[in-house]
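Take a look at the structure set out below.
The values are calculated or read from the model by the stated rules, or taken from the named source; none is laboratory data. Quantities reported herein were computed from a predicted structural model and do not represent experimental measurements. Heads up, the Cβs are rebuilt from the backbone with ideal geometry, glycines too, and the neighbour counts pull from every protein chain shown.
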Amino acid sequence: MSNPILVTQLSQDVSLPNWLDQQDLEQLVRQEIPDFRKIESLRSKWEVQLSQPTLCVQLQVLVAEKKKRQVNYLIKSEESVSVGLKVPIKGDFQVERHMHETVLPALEELYGNADKKIHFSPSIVKTTQKSKQIYLDYVLNKGYAVANSLKGLSVSAMVGVLSKLAAYHAGTACYIERNPGKIRELPKLGDLAKLGEHGDEIKGLYQMRFHESLRSNNVREYEDKVKSFQRYVKANADIVDSRNSFNVILNGSCWPSNVLIQVDAFGNVKDALFSDFYAAKYGPAVYDLFSLLLTAPAEKPSRFDGFVKYYHDKLIENLNLLKFRGKKPSLTDLQLDLLKYGHWAFESATEILPIMLSDFASNDIDELFKNPVFGEQIRELLPWLENRGYFEED
C-alpha cells in the first residue's frame, strides 16, 4: 500500500497537480535508495525561469535506522500549466520524451565511443514501469543555474554555451547520418509555422505589441517596415527549403532560459545543459544559432560574427572527432544560411528576446515591450538587422 504524502506548506510551494503520481515517486526513490522506507513530506514549486515551466519536487524520506534524506526531481508533464509567459513556439511532449529516452543517450554513446564523456541535459530518471511523466535529475542544487540574465551572458559564458551547442549539433548530424530513418521520428522545421489557434493568437499578440512599442522605444521610423515584414514572414513562414543547408536535430528553444550553466570561481562555464527539448525539430542549424545569439549575449551585434566563427570551429572539431562522413559546412555556408533565413533573427529579437528580459513570474504581455532594457537593445538591433540583410523581403 502506498504511504500518504504529507505536504509541507511553505510560501514557495504550490498545490500538487492532480497528474503527479505518488507511486511513481516512491518507485523512483526506492530505485535510488535501496533502504527507503517512506516519504515523510513533499514540497513542490514551479521553476518558472525555465523555457517551459517545470515542476520541482523536494522529498524528505525516511530510510533505515530512522535516518532521513532529501531527494529532488524536475518533473515534466504533457498537462499544460498557466504559469509564466508563453513563447510563440509549438512544442510536443512526446517529442521531448523521445529526445530524452532515445536521442540524447544515443548522442552520449557516440561521444563515448570517441572517448569523450558529455551530457546534453539533466539525466533522465527511468521508472521500472511506463510513466506519463518525465523525471529528471534536479541539477539546480548541484551547482547549475539558469543562464538567463538581464545583463546578458559574458563572452566567457557564451563560449561555454556555444561549445555545447556545437557538440550537440555535430552529434545529431552524425546520429542522422548513421540512422537516416530516424528523421521520420521527428517533426520538420516547417512545422513550427503550424502553431494551432492558441499559438497563432499568442504570436499575433506579440507582433502587435512589438509594433505598438516602436514609438515609445524611439524607433518609430521602423513602423511601416516592421508591419510589412511581419506580414511577409507570416505569409512565408512554412516555406523552408533546407536541402542545401547543414541540417541537424535542433533544440528548437535555444534561449538562455533553456540553458543551465555551471561556472567555476572565475566565472568560466565548466558545463552547460539544455533543460528542454519540447520543440526539437529537424532543420538548418542556424535556427538554433540565431535563437541563442539574438537572446543570450550581453553584446549581441558587436560579438555576433566572432561567436559564429567560434561555433563553426567547434562544430568542425566535433564532426571530425565523430568521423562525420557527410559534407561539413564551411563558415561561408553558415553565413549564407544566416542570410537565407534572416527572418528567424527578426522573430528571435522581437518575439523571444522581450520574454528573456522579463520577469518570468509575470503574465503581463503589455509590460514586455515597455521594458527599458528591451528598448535599449531593440534600438541597436533593428538597424543591425537591416544592415545585415536579415530584415528584407524577397
Hey, Asn113 more than 30 Å from Phe324 (Cα to Cα) and surrounded by fewer than 19 Cβ atoms within 10 Å (Cβ to Cβ) or not: no
Any pair with Cβ under 7 angstrom, 6 or more apart, that starts in the stretch 195-218 at a residue that is assigned by TED's automatic domain parsing to the domain that holds Ala235 and ends at one that is modelled with pLDDT of 85 or more and of a type in the set (Ser, Thr, Tyr): Phe210/Thr350; Leu214/Tyr222
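Give me the residue from the stretch 96-107 that is surrounded by fewer than 20 Cβ atoms within 10 Å (Cβ to Cβ) and of a type outside the set (Asp, Glu) and, out of that set, farthest from Cys174 (Cα to Cα).
The residue in question is Arg97.
Return the residue satisfying two criteria in turn: it lies in the stretch 286-323 and is of a type in the set (Gly, Ala, Ser) and in contact (Cβ under 8 Å) with a residue 24 or more places away in the chain, and of such residues it is nearest to Cys254 (Cα to Cα).
Ser291
If we keep just the residues of the stretch 50-74 that are farther than 18 Å from Tyr135 by Cα and touching a strand residue (DSSP E or B) at 6+ places or on another chain (Cβ under 9 Å), which is surrounded by the fewest Cβ atoms within 10 Å (Cβ to Cβ)?
Lys66
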Of residues in the stretch 264-273 being out of contact with any Phe, Trp or Tyr (no Cβ under 9 Å at 6 or more places or on another chain) and surrounded by fewer than 22 Cβ atoms within 10 Å (Cβ to Cβ), the one nearest to His169 (Cα to Cα): Lys270
Complete set of residues in the stretch 188-217 that are at pLDDT 90 or above and assigned to a loop (DSSP other than H, G, I, E, B): Leu214, Arg215, Ser216, Asn217
Scope the stretch 344-394; condition among the aliphatic types (A, V, I, L, M) and surrounded by 18 or more Cβ atoms within 10 Å (Cβ to Cβ); matching residues: Ala345, Ala349, Ile352, Leu353, Ile355, Met356, Leu357, Leu368, Ile378, Leu381, Leu382, Leu385
Selected residue (only one of Asp359, Asp366 is assigned to a loop (DSSP other than H, G, I, E, B) and in the same structural domain as Gln207 (by TED's automatic domain parsing)): Asp359
Some residue of the stretch 110-132 being within 22 Å of Asn247 (Cα to Cα), touching a residue at least 40 places away in the same chain (Cβ under 8 Å) and not in a loop (DSSP other than H, G, I, E, B): yes
Strands (runs of 3 or more DSSP E) wholly inside the stretch 1-89 that include at least 3 residues being at pLDDT below 80 and either hydroxyl-bearing (Ser, Thr, Tyr) or not assigned by TED's automatic domain parsing to the domain that holds Ser123 (or both): none
Of residues in the stretch 329-356 being in contact (Cβ under 8 Å) with a residue 40 or more places away in the chain and not in a helix (DSSP H, G or I), the one farthest from Pro256 (Cα to Cα): Pro329
Those residues of the stretch 324-334 which are out of contact with any Leu (no Cβ under 7 Å at 6 or more places or on another chain) and surrounded by 12 or more Cβ atoms within 10 Å (Cβ to Cβ), in sequence order: Phe324, Gly326, Pro329, Ser330, Leu331, Asp333, Leu334
Hey, Ser149 of a type in the set (S, T, N, Q), under 22 Å from the mean Cα position of the chain (by Cα), over 21 Å from Ser242 (Cβ atoms) and crowded, with 16+ Cβ neighbours inside 10 Å or not: no
Qualifying residues in the stretch 272-326 (those that are among the hydroxyl-bearing types (Ser, Thr, Tyr) and over 18 Å from the mean Cα position of the chain (by Cα)) - the one nearest to Gln262 (Cα to Cα): Tyr310
